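Chemist: There's a structure below that I have some questions on.
The values are calculated or read from the model by the stated rules, or taken from the named source; none is laboratory data. On a predicted model such as this, the values are computed, not experimentally measured, just so you know. Heads up, the Cβs are rebuilt from the backbone with ideal geometry, glycines too, and the neighbour counts pull from every protein chain shown.
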Amino acid sequence: MRFSVLLISIFCAALAFAAERPLIHFTPEKGWMNDPNGLFYDRKDDIWHLYFQYNPNQPYWNQPLYWGHAISKDLTTWTHEKLAIGPEHADEGIFSGSIVVDHNNTTGFFNESINPDQRVVAIYTNNADIQTQDLAYSLDGGYTFTKYSGNPVLNVNSTQFRDPKVIWHQESNQWIMTVVQAQQYQIQIYGSTDLKHWNLHSNFSAGFTAFQYECPGLIEIPIVGTNETKWVMFLAINPGSPLGGSSDQYFIGDFDGFQFKPMDSYTRLVDLGKDFYALQTFSDVERTDGVLAIAWASNWQYANDVPTTGWRSSTSLVRNLTLDYISTNPEKKLLSLVQTPVFESNVSRSIEKSNITLQKNDSIDFNAGSGVFEFELNFKVLKKLTYPEVPNLDLYISTKDCAESIRFGFNPVIQAFYLDRTTDAFKNPFYTGQISANVEPYLDNEYKVHGVVDRNIIELFFNDGAVTMTNTFFLSEESNPCAMNLTSNMNDEFHIKSVSFKELSV
Ligand code: KTE
């Protein structure tokens, strides 16, 4: 008897330990990951390809740095593939870049035996004594690559020239590359007819400068409810972001094939959390599937130090991007990015409640043993209170024994959502414990929150994705966040129009 109990406890401990990775967010098999790279959709085989900055040897950034590779059929669970592209020398790196599908064989790399939907060309920064833009092409649909014998295709003799994101611009019938002169605060826009010969069309600089520009991207995005589009320029900055470390900003405007012209002078942040960086959009997505993107869910300030075991960091969920006019205050609606998570999962358990005016001692509870769940909360603030009143609607997300929790909530006097992710598990001076998001009500005094919690990451989508906030969090001994309690600190202040909790499985 004793022996079997011992076996079971070892089994459970092993399960508990092994169960700590996020379930519906991509994580590297081992070692270290940062930026997503080379995202594309293989229309022939209906496969999504994710490449990423990868150090398979240690759980922190270092060279030799590779393009790791994974594939998915549902943008939710990913199958690890072999290293896709590697450097020539151990002190070099295949830095960030993108992939295009060269349907019309403008490069001449492909013969008729290669399906036009699988004519895969990677454009990436080769990081050696200088940073140059190089090509590699795949004759097997993106699993193995051959470096172009004519590399580099773009060389400005700089150590800070990187992160090419290439798209096909139909209107001007050319490839368009955005790439940064990182420490000149310049996004450079180049054009090419064959991906091999590039002409500088224009430069674009705007927004927060921080230490340097990184990971640019120019993409056309539809405006909700219209058949119009606008062009959006994404730009990563690191270190020195407003919240500290790394963050993504974007600008909305027009693009004529040569110059990006912003429609206004506003700088917009993609995500208000600390852990959303180096966003990249997928190439060759069917228009009906929208504009899909994924980001790195970490922050350079502490990414190398987070307390996960044997692997470091995850990507964000895939997000579908649209544009819409969003109220940013009672007088103004600004054209803004709207982001909705894209994932497929089963619901193993759920609860749904509606029309409850919370009293001080009420608590709506839910337990998701797997530590993977989503919640949808739609609530109305009943009274316009002022200090010294401090109304809090709180969602405590705790370990099974409630020994440790993170706190998500809303204070209508400050009119902001807050996350307090402070735990004993991770004490790093850059790891900001409290993060907030100012959100306008989508109706008078009404707010919506869609949250996805996946073991050590919480993605929050406010008012159907008009504002988002992505943060990692770390519970001691990597235990699961599985107990939820929704509470109010006062009577008759928060009316829960509806709330649902769903435990997710794949
Ligand atoms: C890399 O810290 C340096 O040592 C950069 O700030 C990180 O740069 C390299 O990662 C990025 C890209 O600009 C590079 O291509 C890539 C952004 O892994 O995270």
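Chemist: Residue under question is L50, and the condition is that it be more than 12 Å from the ligand (Cβ to nearest atom) and within 20 Å of G217 (Cβ to Cβ); does it hold?
Modeler: Criteria met by L50.
Chemist: Which one of Q174, Q186, Q170 is of a type outside the set (F, W, Y) and free of Cβ contacts under 8 Å to residues at least 12 places away in the same chain?
Modeler: Q170
Chemist: Further, regarding this structure: Read through the list (1) in contact with a Gly (Cβ under 8 Å, 6 or more places away or on another chain); (2) over 24 Å from F276 (Cα atoms), then give the number of the only condition that N445 fails.
Modeler: Failing condition for N445: (1).
Chemist: From A403, A293, grab the single residue that is under 26 Å from G273 (Cα atoms), within 28 Å of the chain's Cα centre (by Cα) and not aromatic (F, W, Y).
Modeler: A293
Chemist: So which residues in the stretch 339-368 are at pLDDT 95 or above, part of a loop (DSSP other than H, G, I, E, B) and surrounded by 15 or more Cβ atoms within 10 Å (Cβ to Cβ), if there are any at all?
Modeler: Result: F343, S345, L358.
Chemist: If F258 passes every condition in (1) free of Cβ contacts under 8 Å to residues at least 40 places away in the same chain; (2) more than 16 Å from the ligand (Cβ to nearest atom); (3) not acidic (D, E) but one, which one does it miss?
Modeler: Condition (1) is where F258 drops out.
Chemist: Moving on. Those residues that are assigned to a strand (DSSP E or B), aliphatic (A, V, I, L, M) and touching a Phe, Trp or Tyr at 6+ places or on another chain (Cβ under 8 Å), I need them from the stretch 438-451; list them, please.
Modeler: V449, the sole residue that qualifies.
Matching residues to (1) over 30 Å from P391 (Cα atoms); (2) crowded, with 17+ Cβ neighbours inside 10 Å; (3) in contact with a Leu (Cβ under 8 Å, 6 or more places away or on another chain):
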residue: E286; (1), (2), (3): yes, no, no
residue: G290; (1), (2), (3): yes, yes, yes
residue: G310; (1), (2), (3): yes, no, no
residue: S314; (1), (2), (3): yes, yes, no
residue: R319; (1), (2), (3): yes, yes, yes
residue: E331; (1), (2), (3): no, no, no
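Chemist: Looking at the stretch 227-245, which of the residues that are assigned to a strand (DSSP E or B) and surrounded by fewer than 22 Cβ atoms within 10 Å (Cβ to Cβ) is nearest to the chain's Cα centre (by Cα)?
Modeler: Filtering the stretch 227-245 for residues that are assigned to a strand (DSSP E or B) and surrounded by fewer than 22 Cβ atoms within 10 Å (Cβ to Cβ), the one nearest to the chain's Cα centre (by Cα) comes out as W231.
Chemist: Same structure again: Give me the pairs, please: first residue somewhere in the stretch 235-255 and touching a residue at least 12 places away in the same chain (Cβ under 8 Å) and within 16 Å of the ligand (Cβ to nearest atom), second residue anywhere and small (G, A, S) and assigned to a strand (DSSP E or B), beta-carbon distance under 6 Å, and either six or more positions apart or on two chains.
Modeler: A236/A278; S241/S247; D248/A236
Chemist: Inspect all residues belonging to the stretch 34-42 and state whether any of them is more than 12 Å from the ligand (Cβ to nearest atom), modelled with pLDDT of 95 or more, surrounded by fewer than 22 Cβ atoms within 10 Å (Cβ to Cβ) and part of a loop (DSSP other than H, G, I, E, B).
Modeler: no
Chemist: Let me ask you something else. Name every residue in the stretch 391-413 that is at negative phi, at pLDDT below 95 and either surrounded by fewer than 16 Cβ atoms within 10 Å (Cβ to Cβ) or among the acidic types (D, E) (or both), in order of residue number.
Modeler: Scanning the stretch 391-413 gives K400, D401, A403, E404.
Chemist: Now, a different point. Restricting to the stretch 263-285, and then to whatever is more than 18 Å from F343 (Cβ to Cβ) and either in contact with a Pro (Cβ under 7 Å, 6 or more places away or on another chain) or acidic (D, E) (or both), can you tell me which residue is nearest to the ligand (Cβ to nearest atom)?
Modeler: The extreme case among them is A278.
Chemist: Related question: Does V120 meet the test of being closer than 30 Å to F208 by Cβ, modelled with pLDDT of 95 or more and in contact with a Ser or Thr (Cβ under 9 Å, 6 or more places away or on another chain)?
Modeler: So V120 fails the test.
Chemist: Identify all residues within the stretch 208-233 that are of a type in the set (G, A, S), within 16 Å of the ligand (Cβ to nearest atom) and out of contact with any Gly (no Cβ under 6 Å at 6 or more places or on another chain); write none if there are none.
Modeler: Once the filter is applied, which keeps residues that are of a type in the set (G, A, S), within 16 Å of the ligand (Cβ to nearest atom) and out of contact with any Gly (no Cβ under 6 Å at 6 or more places or on another chain), the stretch 208-233 yields only G217.
Chemist: Okay, next question. Step by step: first the residues of the stretch 193-211, then only those that are closer than 23 Å to L135 by Cβ, polar (S, T, N, Q) and in contact (Cβ under 8 Å) with a residue 24 or more places away in the chain, then the one that is surrounded by the fewest Cβ atoms within 10 Å (Cβ to Cβ). Which residue is that?
Modeler: Residue satisfying both the conditions and the ranking: T193.
Chemist: Oh, and also: Pairs please, first residue from the stretch 484-495 and within 15 Å of N445 (Cβ to Cβ), second anywhere and crowded, with 16+ Cβ neighbours inside 10 Å and of a type in the set (S, T, Y), Cβ atoms under 7 Å, 6+ apart in sequence or on different chains.
Modeler: That search, which allows pairs on different chains as well, returns F494/S488.
Chemist: Follow-up question, since we're still on this one. Give the stretch 54-63 a look and list any residue that's within 13 Å of the ligand (Cβ to nearest atom) and either surrounded by 24 or more Cβ atoms within 10 Å (Cβ to Cβ) or more than 20 Å from the chain's Cα centre (by Cα) (or both), or say none.
Modeler: Y54, N62, Q63
Chemist: Could you please tell me which pairs satisfy a Cβ distance under 8 Å, a separation of 6+ or placement on different chains, a first residue in the stretch 28-46 that is over 21 Å from I167 (Cα atoms), and a second residue that is of a type in the set (D, E, K, R) and surrounded by 24 or more Cβ atoms within 10 Å (Cβ to Cβ)?
Modeler: Listed by first residue and then by second, the contacts come to P28/R312; G31/R312; W32/R312; M33/R312.
Chemist: I want to confirm something. Restricting to the stretch 121-172 and keeping residues that are surrounded by fewer than 17 Cβ atoms within 10 Å (Cβ to Cβ) and of a type in the set (D, E, K, R), which single residue is farthest from the ligand (Cβ to nearest atom)?
Modeler: E171
Chemist: Name the residue that is nearest to the ligand (Cβ to nearest atom), counting only residues in the stretch 93-116 that are surrounded by fewer than 17 Cβ atoms within 10 Å (Cβ to Cβ) and closer than 18 Å to Y41 by Cβ.
Modeler: Looking at the filtered set, the residue picked out is H103.
Chemist: Tell me whether the stretch 293-305 contains one or more residues that are within 16 Å of the ligand (Cβ to nearest atom), closer than 30 Å to G244 by Cβ and either basic (K, R) or surrounded by fewer than 16 Cβ atoms within 10 Å (Cβ to Cβ) (or both).
Modeler: yes
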